[in-house]
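Participant: Here's a structure for you.
The values are calculated or read from the model by the stated rules, or taken from the named source; none is laboratory data. These numbers were taken from a predicted model, which means no experiment stands behind them. Here the Cβ positions follow ideal geometry from the backbone for every residue, glycine too, while neighbour counts run over all protein chains shown.
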Amino acid sequence: MSEKNSSVLPTQSKQTTVPIDWSYAEAPESISHVTFNKSYGLFINGSFTEYNENQSFESTNPANGECLYRCTEASESDVDAAVKAARTAFEGVWGNYSGTQRSHYLYRIARLLQERAREFAVLESMDGGKPIRESRDIDIPLAAAYFFYYAGWADKLSYAFPGKTPKPLGVCAQIIPWNFPLLMLAWKIAPALACGNTVVLKPAETTSLTALKFCELLQDVGLPDGVVNIVTGAAKTGEYLVQHPDIDKIAFTGSTEVGKVIQRSIAERQLPSTFELGGKGAFILFDDAALNEAVEGIVNAIFFNQGHVCCAGSRLLVQEGVAEKVIDLLKKRMQHLIVGDPLDKNTDIGAINSKEQLETIQRYVKTGIQEGATCFECSSSLPTSGYYFPPTILTGVSQSSSVVQEEIFGPVLTIQTFRTTDEAIEKANNTPYGLANGIWTDKGSKIFYVGSKLKSGVVWSNTYNKFDPTSPFGGYKESGKGREGGLSGLHAYVKLDNNGGVY
Amino acid sequence: MANEQTNHPTSQATTMNSIPKTYKNYINGEFPRTESGRYYSVEALDGKHIANVGLSSKKDVRNAVQAARKAQATWAQKTAYNRGQIMYRIAEILSGRREQFINEMILLGYSQEAAELEINACIELIVYFAGWTDKIDQVFGSVNPVASDHFNFSRHEPVGVVGIISPETPSLLGMLGLLLPNMVAGNSQVIIASKQFPLPTCTFAEVLATSDVPAGTVNIITGLKSELIPPISQHMDVDVLVGDVSLDTEFRVLCEVESASNMKRVYFWESFISLDELNSSPNETISTCVHSLKDPYHILHVQEVKTTWHPISE
Amino acid sequence: MIDRIPIDAVGVQERVARLCTRSIKKESKLQALDLALRMMDLTTLEGSDSEGKVRQLCNKALHPYTELPNIPSVAAVCVYPNRVALAKSILKDSSISIASVATAFPSGMSSLQIKLDDVNYAVSEGADEIDMVISRGAFLSGEYARVYDEIAQIKEACGTAHLKVILETGELGSLENVRMASDLAMKAGADFIKTSTGKITPAATMPVVLVMLQAIRDFHVATGKKIGMKPAGGIRSSKQAIQYLVMVKETLGNDWLDPSLFRFGASSLANDVLMQWVKEKTGRYQSLNYFSND
């Protein structure tokens, strides 16, 4: 017994104790109840087309880099068929349904998703690499919640737009990213259908599986043919969809770079559009904050979903007086983060979605170090196969560092300090992005002061990375246009009488 | 204005008891000449010279945007009540100078009736929007019942700096239909005035200058759309472009394409009435136009929704 | 004298919820069950505690489950002062410590002198550990110095016996008060801080324990001293016990996964741990009929 331990109880001497190195045994989620095909066609007009080997691509499981299934890459004529099916369904069926009828289908979708939640969670983790804890507790339940929420709007739309008679837009082209595949699908499809639109949706090429499984669910629901069409493929397929002359609306979630390309390409048609793009959120931590909770907030802000989150709090701005303490607490906390098999229930950080993304993250961290940053990584061991990156913090960075300016889209946090409230606000806003920011302080009036000055669509105060179907989400500046979720989310999918304005 | 230097070319309209005015830009609460030194002649329908108006350049756009950026927070941070009062004050001042605007409109080719109806409509529209400043969040904001222990609310905030491309006619109402929702929103703006009928908009600057509107909140420049739309739509510090649906397709597409550079919000709505229509059926066209412009959803176009979360605990 | 540290209860609850998602299986579960048993303060604190009842409890402490001879014994038994001598006589040759509540337990509503006498009596009867209660009334009315002085004097009276300070968190009203009381107790000389008497609901809750563990961590950083933690009351299932161990590991590290620094104050928990143990070994779900109910 050391001097320091002089306060320990007498059991130490009475009972022989072996120092324990307690670690968690493997706790893999069962995959025995989950089935999927080795290859998929496209979902057009209520049924799957024949898988086309000559026009196909593979999707890998990022946890081991092996091929999981193959998809058909939708050609121009496939996309055309999907848009035609959506048009026919809009004009012949869905557009004429009453709100009550539409709501019944949406409620059933929500219910079936809840019933099959675990299956979808496992598939999401296998396909995208996210830990089962997140797909099980966040992605899939939230996706169901979005359908449930918008189901209830379908027959109440006139109350959403005082003084107006909302009408559907028609055929909506929707393109979603790989970081929250099914959740983003729900964000897009639920409000579109609630408002009476039909949909052609393209999932990201690395994560098509839950969208394709979702089609099975639609068949079980008996959703009329053509109301939802899913075309798989990469950029080319997306281009065919965006360029299609018979679409009435574009909803895109993805990088700012691609968003700008789409905006330019639809300029001549003046199509209604909504964009959810990149971000570089600041996490402003004042010295009077609840520091333990704030440290947990930082973990949620940047290490959630491997940092593949557009609204991630990727820049920690911490007030000088507590910087040392916060960094120390954060490092301690990071030692308990487990990087590993996405399907293990104890995994905190799963696999990076693709080899390309892993290389991007590695490149950024290398650049950061070259620019003078000090790097600290969590000590968890990494699996030997597959694409993994440890949670990382970079200190000694400055506002001009590329790791501070650019979106890394990985589990990498930069840490800067500030002295005054206004300095923090200025640093937080000093970016072309404006999706989300966090404020941590125990002082209520400061929250409203700082919150009102932050240029971002979401302000998380004393919390971070929270999502809810009733809560609008979307960006200022180059982080996007329009909102998804809540009442505002309906605006994106209706036209209102008398003014030709669409929002 | 009366004791201002008048070194513009002598106008034929000069008479003993009426001194013609030099029409200048309005930037940061001041009336500078265009940096370019160029001008164009505004003529009546019969070809008679009325006034020389500045042919502004991209540097004027730059200066105006700079002024707007500087002023934006000042305008936005005023209380909603205060912004409403200032906007109401604009209506009061405009009302007092009613005759001046009617005369200018008639010079440009308006019938007496059309001119009177339009200025009445302008006053009505300003009062209408002045009343929205402290109501927009009450009608369109929300407290969102999230499924966790958090208080969550969404409110509307200004987007920032707006480029406003005025329709040619109605000469004042068309511009106001685009401007007023932006003022309610808390934005600051750079207005490109009507090319053919700029005088009422230029004179409106004098109303603004005497109405407690903070300098730089509204900036007005005159000139050619072909010279002014490119720099304003390409400007990286402009957040929104608004215009009227009558704008030439070429310019409208330019706005849409260039908006991608910094993801500007681009909105076009209807405020156009041709001079012929104004003169032939002033009552009907103006009341239809006012009805269409009295739409609070235009305010929502030029605002951002900000959603704030906070935990609820002991 | 003690800083008020801001705490956000929703954030604490979220951290707890996340800790509870840890899935402890196979060998790590056996390890945890073994640990939980070794960390147990088998407790009886009833007005009806007779000699027979205490004798029974001590026997259970010595032989938790006769079917498995190598099963570890518990850390301590916890009894009222007037039962200490009896417990001592039964357990004197074992590794099991005798803990006694004192200081006008459970309310603490008496004079300091009576509290000190209570402690002296328990120590003289042979108690190895003293579980005292703080004066919550004084704490809530801001008399922090009084609470501090009481603890310090009782610590002195303990002599070589170790002092566990019961905060009775169910009466403190907020997590911020829990944190403040923890800091105050540690500063005044507590060897352990303990949540509850078991007489007030809520007793130990996971958010409260997390806040106390964080206080212990910060105290260790500041002073180098390792203070122990004892949640007591309301912990009935092995699952709960394992969740607490996860919390200890991820807040304080493996160093604290030792009976010298972490205890469970419980009575019915022992049998549930034993049943889970046997289930892990045999693969069969167990019945309480096969475990002695002491």
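Participant: Just give me the residues in region A:161-187 being in a helix (DSSP H, G or I) and in contact with a strand residue (DSSP E or B) (Cβ under 8 Å, 6 or more places away or on another chain), in sequence order. Show your work before the answer.
Facilitator: The first filter runs over region A:161-187 and keeps only residues in a helix (DSSP H, G or I), leaving A:181-187.
Answer for region A:161-187, where residues must be in a helix (DSSP H, G or I) and in contact with a strand residue (DSSP E or B) (Cβ under 8 Å, 6 or more places away or on another chain): A:Met184, A:Leu185, A:Trp187.
Participant: Would you check if C:Asp41 is surrounded by 17 or more Cβ atoms within 10 Å (Cβ to Cβ), within 14 Å of chain A (Cβ to nearest Cβ) and touching a residue at least 60 places away in the same chain (Cβ under 8 Å)?
Facilitator: yes
Participant: Scan region C:219-237 and tell me whether some residue there is surrounded by fewer than 24 Cβ atoms within 10 Å (Cβ to Cβ), within 12 Å of chain A (Cβ to nearest Cβ) and within 24 Å of B:Ser313 (Cα to Cα).
Facilitator: No, region C:219-237 contains no residue that is surrounded by fewer than 24 Cβ atoms within 10 Å (Cβ to Cβ), within 12 Å of chain A (Cβ to nearest Cβ) and within 24 Å of B:Ser313 (Cα to Cα).
Participant: Right, next: How many residues are in a helix (DSSP H, G or I), more than 7 Å from every other protein chain (Cβ to nearest Cβ) and closer than 30 Å to A:Gly475 by Cβ when one looks only at region B:270-297? Write out each step before concluding.
Facilitator: Residues of region B:270-297 in a helix (DSSP H, G or I): B:275-280, B:282-293, B:297.
With the extra rule that they be more than 7 Å from every other protein chain (Cβ to nearest Cβ), the set shrinks to B:275-280, B:282-291, B:293.
Cutting the leftovers down to closer than 30 Å to A:Gly475 by Cβ gives us B:293.
The qualifying residues number 1.
Participant: Let me confirm something: among A:Val326, A:Val318, which residue is within 16 Å of A:Ile415 (Cα to Cα), within 14 Å of chain C (Cβ to nearest Cβ) and buried (at least 22 other Cβ atoms within 10 Å of the Cβ)?
Facilitator: Numbers: A:Val318 fails: within 14 Å of chain C (Cβ to nearest Cβ).
The match here is A:Val326.
Participant: Filter region C:23-38 down to the residues that are at pLDDT 95 or above and outside any helix (DSSP H, G or I), then identify the one that is farthest from the other protein chains (Cβ to nearest Cβ).
Facilitator: In this case the residue turns out to be C:Ile24.
Participant: Considering only region A:122-161, state which residues are within 16 Å of A:Glu216 (Cβ to Cβ) and among the hydrophobic types (A, V, I, L, M, F, W, C). Before the answer, list the steps.
Facilitator: Going residue by residue through region A:122-161, those that are within 16 Å of A:Glu216 (Cβ to Cβ) are A:122-124, A:127, A:140, A:143-144, A:147.
Answer for region A:122-161, where residues must be within 16 Å of A:Glu216 (Cβ to Cβ) and among the hydrophobic types (A, V, I, L, M, F, W, C): A:Val122, A:Leu123, A:Ile140, A:Ala143, A:Ala144, A:Phe147.
Participant: So, in region A:480-489, of the ones that are more than 8 Å from every other protein chain (Cβ to nearest Cβ) and closer than 17 Å to A:Pro272 by Cα, which residue ends up surrounded by the fewest Cβ atoms within 10 Å (Cβ to Cβ)? Lay out the reasoning, then the answer.
Facilitator: To start, the set of residues in region A:480-489 that are more than 8 Å from every other protein chain (Cβ to nearest Cβ) comprises A:482, A:484-485, A:489.
In the following step, the residues that additionally are closer than 17 Å to A:Pro272 by Cα were identified as A:482, A:484, A:489.
On the way: A:Gly482: 23, A:Glu484: 26, A:Gly489: 30.
Going through the qualifying residues, I end up with A:Gly482.
Participant: Only one residue in C:Thr160, C:Thr197, C:Thr201 is β-branched (Val, Ile, Thr), outside any helix (DSSP H, G or I) and within 14 Å of chain A (Cβ to nearest Cβ). Which one? Let's see the steps before the verdict.
Facilitator: On the way: C:Thr197 fails: within 14 Å of chain A (Cβ to nearest Cβ); C:Thr201 fails: within 14 Å of chain A (Cβ to nearest Cβ).
It is C:Thr160.
Participant: Give the residue that is farthest from the other protein chains (Cβ to nearest Cβ), with candidates limited to residues of region B:248-269 that are assigned to a helix (DSSP H, G or I) and either touching a residue at least 60 places away in the same chain (Cβ under 8 Å) or hydroxyl-bearing (Ser, Thr, Tyr) (or both). Let's see the steps before the verdict.
Facilitator: Filtering region B:248-269 for residues assigned to a helix (DSSP H, G or I) gives B:249-259.
From what is left, the residues that are either touching a residue at least 60 places away in the same chain (Cβ under 8 Å) or hydroxyl-bearing (Ser, Thr, Tyr) (or both) are B:249, B:251, B:255, B:259.
Working: B:Thr249: 8, B:Phe251: 12, B:Cys255: 8, B:Ser259: 6 Å.
The residue in question is B:Phe251.
Participant: Still on this structure, please answer the following. Please enumerate the residues belonging to region C:112-139 that are part of a helix (DSSP H, G or I) and not aliphatic (A, V, I, L, M). If you could, list the steps in order and put the result at the bottom.
Facilitator: Pass one, region C:112-139, residues part of a helix (DSSP H, G or I): C:112-125, C:136-139.
Hits for region C:112-139 are C:Gln113, C:Lys115, C:Asp117, C:Asp118, C:Asn120, C:Tyr121, C:Ser124, C:Glu125, C:Arg136, C:Gly137, C:Phe139.
Participant: Could you please find all residues in region A:151-166 being more than 14 Å from chain B (Cβ to nearest Cβ) and either on the phi > 0 side of the Ramachandran plot or touching a Leu at 6+ places or on another chain (Cβ under 9 Å) (or both)?
Facilitator: A:Ala151, A:Ala154, A:Leu157
Participant: So B:Gln234 ticks every box in (1) farther than 23 Å from B:Leu176 by Cβ; (2) within 11 Å of chain A (Cβ to nearest Cβ) but one. Which box is left unticked?
Facilitator: All conditions are met except number (2).
Participant: Restricting to region A:123-144, name every residue that is surrounded by fewer than 24 Cβ atoms within 10 Å (Cβ to Cβ) and within 12 Å of A:Asp341 (Cβ to Cβ).
Facilitator: A:Arg133
Participant: List the helices (runs of 4 or more DSSP H) that sit entirely inside region A:412-503 and contain at least 2 residues that are over 26 Å from B:Val143 (Cβ atoms).
Facilitator: On the way: elements: A:421-429, A:444-453, A:486-491.
Qualifying helices (runs of 4 or more DSSP H): A:421-429.
Participant: Here's something else I'd like to know. Among the residues of region A:255-298, count how many are among the charged types (D, E, K, R), out of contact with any strand residue (DSSP E or B) (no Cβ under 7 Å at 6 or more places or on another chain) and over 16 Å from A:Ala424 (Cα atoms).
Facilitator: As a first pass, look at region A:255-298 and keep what is among the charged types (D, E, K, R): A:257, A:260, A:264, A:268-269, A:276, A:280, A:287-288, A:293, A:296.
Imposing the further condition that a residue be out of contact with any strand residue (DSSP E or B) (no Cβ under 7 Å at 6 or more places or on another chain) reduces the set to A:257, A:260, A:264, A:268-269, A:288, A:293, A:296.
Subsequent filtering for residues that are over 16 Å from A:Ala424 (Cα atoms) retains A:257, A:260, A:264, A:268-269, A:293, A:296.
Residues meeting the conditions: 7.
Participant: I would also like to ask the following. So C:Arg55 ticks every box in (1) charged (D, E, K, R); (2) within 13 Å of another protein chain (Cβ to nearest Cβ); (3) surrounded by fewer than 19 Cβ atoms within 10 Å (Cβ to Cβ) but one. Which box is left unticked?
Facilitator: (2)
Residues checked against (1) out of contact with any helix residue (DSSP H, G or I) (no Cβ under 8 Å at 6 or more places or on another chain); (2) modelled with pLDDT of 95 or more:
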| residue | (1), (2) |
| --- | --- |
| B:Glu30 | yes, yes |
| B:Arg62 | no, yes |
| B:Thr74 | yes, yes |
| B:Gln85 | no, yes |
| B:Arg98 | no, yes |
| B:Glu104 | no, no |
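Participant: What number of residues within region B:219-235 satisfy the criterion of being within 19 Å of B:Asn182 (Cα to Cα) and hydrophobic (A, V, I, L, M, F, W, C)? Walk me through how you get there before you give the answer.
Facilitator: Applying the first criterion (within 19 Å of B:Asn182 (Cα to Cα)) to region B:219-235 yields B:219-221, B:229, B:232-233, B:235.
If we keep only those that are hydrophobic (A, V, I, L, M, F, W, C) too, we end up with B:220-221, B:229, B:232.
Selection size over region B:219-235: 4.
Participant: Right, here's the next one. For residues that are of a type in the set (Asp, Glu) and at the interface with chain C (Cβ under 9 Å from one of its Cβ atoms), scanning just region A:281-304, find the one that is farthest from A:Lys332 (Cα to Cα). Steps first, please.
Facilitator: From region A:281-304, those of a type in the set (Asp, Glu) are A:287-288, A:293, A:296; that's our starting set.
Still in the running and at the interface with chain C (Cβ under 9 Å from one of its Cβ atoms): A:288, A:293, A:296.
Working: A:Asp288: 21, A:Glu293: 14, A:Glu296: 11 Å.
Filtering region A:281-304 for residues that are of a type in the set (Asp, Glu) and at the interface with chain C (Cβ under 9 Å from one of its Cβ atoms), the one farthest from A:Lys332 (Cα to Cα) comes out as A:Asp288.
Participant: Determine whether B:Val245 is over 25 Å from B:Thr22 (Cβ atoms) and either away from every other protein chain (no Cβ under 14 Å) or in contact with a strand residue (DSSP E or B) (Cβ under 6 Å, 6 or more places away or on another chain) (or both).
Facilitator: On the way: over 25 Å from B:Thr22 (Cβ atoms): yes; either away from every other protein chain (no Cβ under 14 Å) or in contact with a strand residue (DSSP E or B) (Cβ under 6 Å, 6 or more places away or on another chain) (or both): yes.
It is true that B:Val245 is over 25 Å from B:Thr22 (Cβ atoms) and either away from every other protein chain (no Cβ under 14 Å) or in contact with a strand residue (DSSP E or B) (Cβ under 6 Å, 6 or more places away or on another chain) (or both).
Participant: Moving on. What tally of residues in region A:33-55 results from selecting those that are without any contact (Cβ under 8 Å) to a residue 24 or more places away in the chain and crowded, with 16+ Cβ neighbours inside 10 Å? I'd like the intermediate steps shown before the answer.
Facilitator: The initial filter retains those residues of region A:33-55 that are without any contact (Cβ under 8 Å) to a residue 24 or more places away in the chain, namely A:35, A:50-55.
Next, from what is left, pick out any that are crowded, with 16+ Cβ neighbours inside 10 Å: A:51-52.
Qualifying residue count, region A:33-55: 2.
Participant: If I filter region B:59-77 for residues that are out of contact with any Phe, Trp or Tyr (no Cβ under 9 Å at 6 or more places or on another chain) and in a loop (DSSP other than H, G, I, E, B), do I get at least one hit?
Facilitator: Of the residues in region B:59-77, the ones out of contact with any Phe, Trp or Tyr (no Cβ under 9 Å at 6 or more places or on another chain) are B:59-63, B:65-77.
Checking which are in a loop (DSSP other than H, G, I, E, B) leaves us with none.
There is no residue in region B:59-77 that is out of contact with any Phe, Trp or Tyr (no Cβ under 9 Å at 6 or more places or on another chain) and in a loop (DSSP other than H, G, I, E, B).
Participant: Let me ask you something else. Looking at region C:205-244 only, could you name the residues that are under 26 Å from C:Trp277 (Cα atoms), outside any strand (DSSP E or B), in contact with a strand residue (DSSP E or B) (Cβ under 8 Å, 6 or more places away or on another chain) and not β-branched (Val, Ile, Thr)?
Facilitator: Passing the criteria: C:Pro231, C:Gly233, C:Arg236, C:Ala241, C:Tyr244.
Participant: Does A:Ala82 satisfy being of a type in the set (A, V, I, L, M, F, W, C), part of a helix (DSSP H, G or I), farther than 25 Å from A:Pro469 by Cα and at pLDDT 95 or above? Give the derivation first.
Facilitator: Numbers: of a type in the set (A, V, I, L, M, F, W, C): yes; part of a helix (DSSP H, G or I): yes; farther than 25 Å from A:Pro469 by Cα: yes; at pLDDT 95 or above: yes.
So A:Ala82 fits the description; yes.
Participant: If you don't mind, there's one more thing I want to ask. Within region C:221-239, can you find the residues that are touching a Phe, Trp or Tyr at 6+ places or on another chain (Cβ under 7 Å) and among the β-branched types (Val, Ile, Thr)? Explain how you work it out, then say what you get.
Facilitator: Just the residues of region C:221-239 that are touching a Phe, Trp or Tyr at 6+ places or on another chain (Cβ under 7 Å), to begin with: C:225, C:227-231, C:235.
Scanning region C:221-239 gives C:Ile227, C:Ile235.
Participant: Name the pairs: first residue in region B:136-159 and more than 9 Å from chain A (Cβ to nearest Cβ) and within 16 Å of B:Tyr297 (Cβ to Cβ), second residue outside any loop (DSSP other than H, G, I, E, B) and aromatic (Phe, Trp, Tyr), Cβ to Cβ under 6 Å, at least 6 apart or on different chains?
Facilitator: none
Participant: Please determine whether any residue of region A:452-467 is facing another protein chain (nearest Cβ under 9 Å) and more than 22 Å from the chain's Cα centre (by Cα).
Facilitator: yes
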